[in-house]
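Here the structure comes first, spelled out in structure tokens, and everything after it is commentary.
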Amino acid sequence: MADLLSFARVPCEIVAAIYTADLFSGLGHLVGDMATIVSKPLREHVETTMPAVKEFMETDPKFMEASAMDKMLFNFQIHHIVPHPASKSDAELFIETATGAGLAFLVSAAATWYGYLPMWFARVWLLAIMFVTLVQNVHISAHKRNHGCKVNPVVCFLQDHGVLLNHHDHRKHHETYDCNFCLFNGWANPVVNRVFGILRSYGVIPSESPTVALRRHLAGEAKPNEDDESLGRQSILALVVYGVLAAPPKMFGTFSRMFARVHPWQA
């Protein structure tokens with residue numbers, strides 16, 4: 001009986017880890033999409049091709065002189081205007097995501113080593129972090145398929161059967177920008193969509209996404225939201241997403257050196 005339970009535990013923990021990775025990818029995506037860029041010139045700027053986006057980010061003072069948080073949000077949200085191709089190669093996307101997730105992995109591994117995390121939780125959590133490193137590549141694969149690019153047949157099979165992000169489901173996100181935020185496989189979309197609705201109903205996030213507001217502004221229909229109180233709340237969201245997504249890569253090298261000096265197997 002014990003052997004049977006041990007055997008069943010493995011697939012259950014894998015499924016739990018995949019769901020956890022999908023959930024956190026969705027929550028991070030939600031915040032990155034809905035947080036408002038504070039700099040008005042940058043918030044109202046738009047490019048329609050990836051070469052133009054890259055040139056703007058490399059040369060234009062509106063981007064170069066913006067805060068690090070605004071730069072990250074612009075880079076995040078311009079994906080709605082230019083969803084394909086990606087601004088970085090598959091390898092660069094993996095390295096960027098893995099670098100950020102690496103800090104969380106090291107902290108969690110250290111906490112597990114010192115007994116602060118129960119082993120069942122640590123197994124699921126550490127595996128979830130490993131799945132998170134694949135999120136951007138899985139995300140881009142859905143866009144490649146939506147744009148008729150070649151995708152590995154195994155990936156297509158996994159997309160079609162809900163193991164990886166289905167390209168049809170993700171297309172809905174790029175049509176309305178208010179649903180289907182999860183980027184690994186969409187299992188957690190019902191939960192994240194519900195969270196989105198609650199945050200919107202309480203005014204924590206704007207009534208329409210910055211992308212929709214920008215497009216309406218460019219069409220001459222309305223100006224982007226400039227309400228000070230609303231911008232203040234959304235700036236807090238921007239700070240959260242910056243801390244979660246942008247700060248860890250910068251801290252990774254420092255933490256790695258500190259961890260190398262203190263971990264117990266060198267004592």
Just one listed residue, out of Val138, Val154, Val124, is surrounded by fewer than 16 Cβ atoms within 10 Å (Cβ to Cβ) and in a helix (DSSP H, G or I), and it is Val154
When restricted to Val38, Val10, the only residue more than 24 Å from Val132 (Cα to Cα) and of a type in the set (Val, Ile, Thr) is Val38
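In this structure, is Gly186 at positive phi and surrounded by fewer than 17 Cβ atoms within 10 Å (Cβ to Cβ)? Can you show your working first?
Working: at positive phi: yes; surrounded by fewer than 17 Cβ atoms within 10 Å (Cβ to Cβ): no.
Taking the combined requirement at face value, the residue does not satisfy it.
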Could you please find all residues in the range 21-45 being of a type outside the set (A, V, I, L, M, F, W, C), more than 18 Å from Asn137 (Cα to Cα), under 17 Å from the mean Cα position of the chain (by Cα) and part of a helix (DSSP H, G or I)?
Asp33
Conditions (1) part of a helix (DSSP H, G or I); (2) within 20 Å of Tyr177 (Cα to Cα); (3) more than 20 Å from the chain's Cα centre (by Cα): number failed by Thr48
(1)
Got a number for residues in the range 100-121 being modelled with pLDDT of 90 or more, assigned to a helix (DSSP H, G or I) and buried (at least 16 other Cβ atoms within 10 Å of the Cβ)?
10
Does the range 83-99 hold any residues that are touching a Ser or Thr at 6+ places or on another chain (Cβ under 8 Å) and surrounded by 18 or more Cβ atoms within 10 Å (Cβ to Cβ), and which are they?
Thr97, Ala98
Given (1) part of a loop (DSSP other than H, G, I, E, B); (2) under 27 Å from Ile140 (Cβ atoms); (3) at pLDDT 90 or above, where does His84 come up short, assuming only one miss?
(3)
Residue under question is His143, and the condition is that it be in a helix (DSSP H, G or I) and crowded, with 21+ Cβ neighbours inside 10 Å; does it hold?
no
Looking at (1) within 15 Å of Asp22 (Cα to Cα); (2) crowded, with 19+ Cβ neighbours inside 10 Å, can you tell me which one Asp178 breaks?
(1)
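Taking the range 140-161 as the search range and keeping residues that are closer than 28 Å to Ser207 by Cβ and in contact (Cβ under 8 Å) with a residue 60 or more places away in the chain, which one is nearest to the chain's Cα centre (by Cα)? Give the derivation first.
Quick first cut of the range 140-161, residues closer than 28 Å to Ser207 by Cβ only: 142-143, 146.
If we keep only those that are in contact (Cβ under 8 Å) with a residue 60 or more places away in the chain as well, we get 143, 146.
Details: His143: 15, Asn146: 19 Å.
Checked the range 140-161; the qualifying residue nearest to the chain's Cα centre (by Cα) is His143.
Kindly indicate whether any position in the range 211-222 is in contact with a Phe, Trp or Tyr (Cβ under 9 Å, 6 or more places away or on another chain) and at pLDDT 90 or above. Give the steps one after another, and end with the answer.
As a first pass, look at the range 211-222 and keep what is in contact with a Phe, Trp or Tyr (Cβ under 9 Å, 6 or more places away or on another chain): 211-212.
With at pLDDT 90 or above added as a condition, the list becomes none.
Looking through the range 211-222, none of the residues is in contact with a Phe, Trp or Tyr (Cβ under 9 Å, 6 or more places away or on another chain) and at pLDDT 90 or above.
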For the range 162-179, pairs from a residue that is on the phi > 0 side of the Ramachandran plot to a residue that is assigned to a loop (DSSP other than H, G, I, E, B) and at pLDDT 95 or above, with Cβ under 7 Å and 6 or more apart or across chains, are Gly162/Asn185
How many residues, within the range 189-221, are surrounded by fewer than 14 Cβ atoms within 10 Å (Cβ to Cβ) and either in contact with a strand residue (DSSP E or B) (Cβ under 6 Å, 6 or more places away or on another chain) or in a helix (DSSP H, G or I) (or both)?
6
Restricting to the range 110-134, give me the number of residues that are under 20 Å from Arg9 (Cβ atoms) and more than 16 Å from the chain's Cα centre (by Cα).
12
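Among the residues in the range 12-20, are any of a type in the set (A, V, I, L, M) and not in a helix (DSSP H, G or I)? Steps first, please.
Just the residues of the range 12-20 that are of a type in the set (A, V, I, L, M), to begin with: 14-18.
Adding the requirement that they be not in a helix (DSSP H, G or I) leaves none.
No, that holds for no residue.
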State whether the residues of the range 54-62 include one that is touching a Phe, Trp or Tyr at 6+ places or on another chain (Cβ under 7 Å), free of Cβ contacts under 8 Å to residues at least 12 places away in the same chain and not polar (S, T, N, Q).
yes
With the condition kept exactly as written, say whether any residue in the range 142-158 is more than 30 Å from Arg9 (Cα to Cα) and touching a Cys at 6+ places or on another chain (Cβ under 9 Å).
yes
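The values are calculated or read from the model by the stated rules, or taken from the named source; none is laboratory data. Being a predicted model, the structure only gives us computed values, none of them experimental. As a convention, Cβ positions derive from the backbone with ideal geometry for all residues, glycine included, and neighbour counts pool all protein chains shown.
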